[in-house]
Amino acid sequence: MEADGFTLVKSSRKRKVKPKCPYIAIDDETVPLHIFNSILRSVETEDGEFCRKILDIISHHRIVDIVCYGLGKIAVCKLAQYQLAVLLHISRVSKVKCELFDPVLTSTDRQFVSMLGITIISRNESCKRKVDVNTLFYMVHSSKRMYDNLLSANWSNLHRLVIIGNSFQSYHCNTPDEKLRNQIPHVFHALSRVREEHLPSFRSHQHAFNDTVILTFGSCSPSSAEMFKESLPVIDLLDDDEIIT
């Protein structure tokens, strides 16, 4: 008997408890695994042409490693979820191992990404990884200074780099030369050596890869590269107020 005079009748049947669904979590936000799998299926079925373009580049350039910088907050950003799905798909199909780093990822995020077969980079490299094998850098919507640091670290072997990222030509068209030269000198001086290929439209989410291109570079002699590099500063990402997370 309850205090209000009503008798509480309890059901004799046991309630079924729904199993917990694996999720990605950032700041108490969650993305159920079935939602991510739905996004992955959408990428595989609706954006086959988009993914094939990237896979053709991986094959043509004989890519050995894939490195992803700056994916962003996966649970709270739908764009990051679609970008992660594309990254996972091209890594699985090409059978090229993939590494990823973003300082905003939580321990739960890192566990989830690892479960997908992607290796988490243990320290912040500030996008200064120097490579000696052909490497695809997956840097969608990264800041200008992140690209600049990557070019700085690999100035003598730019031909080893393939970047999926922002259009350098767009930077050139929308920013005065003097500002580019001062803020991102390596990107500015690479303009004469960069080749840009546009990607097919991404149907699953129109904003996930807007203004994203495939960047490849011509080579120069090691001696001239080293001489030139001495006059170019390396940008500290700690001072970068443009980093997108």
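Miscellaneous remarks
- Packing-based ranking of 56-63, 150-157 yields 150-157, 56-63, ordered from highest to lowest mean Cβ neighbour count within 10 Å.
- Cα convex hull of segment 150-224 - mean projected area over all directions, nm²: 5.6
- 1.4 Å probe accessible area per residue over segment 145-199, in Å²: 39
- Within the accessible area of segment 103-229 (1.4 Å probe), percent carbon and sulfur: 47
- Once the chain from SER170 to ARG193 is taken as fully extended at 0.36 nm per residue, the excess over their C-alpha distance is 6.8 nm.
- Burial order of peptide ranges 86-98, 119-131 (average beta-carbon count within 10 Å, highest first): 86-98, 119-131
- Efficiency of FRET from Cβ geometry, ILE35 and ASP56, R₀ 25 Å, rounded to 0.05: 0.30
- Over 14 Å [Cα-Cα, segment 46-111], rounded percent: 61
- Burial order of peptide ranges 42-50, 176-184 (average beta-carbon count within 10 Å, highest first): 42-50, 176-184
The values are calculated or read from the model by the stated rules, or taken from the named source; none is laboratory data. Since this is a predicted model, take the numbers as computed values, not measurements. Cβ atoms come from the backbone with ideal geometry, glycine included; neighbour counts cover every protein chain shown. Remember, those area values only see protein heavy atoms, side chains included, never the ligands or the DNA or RNA. Shrake-Rupley method; radii C 1.70, N 1.55, O 1.52, S 1.80 Å.
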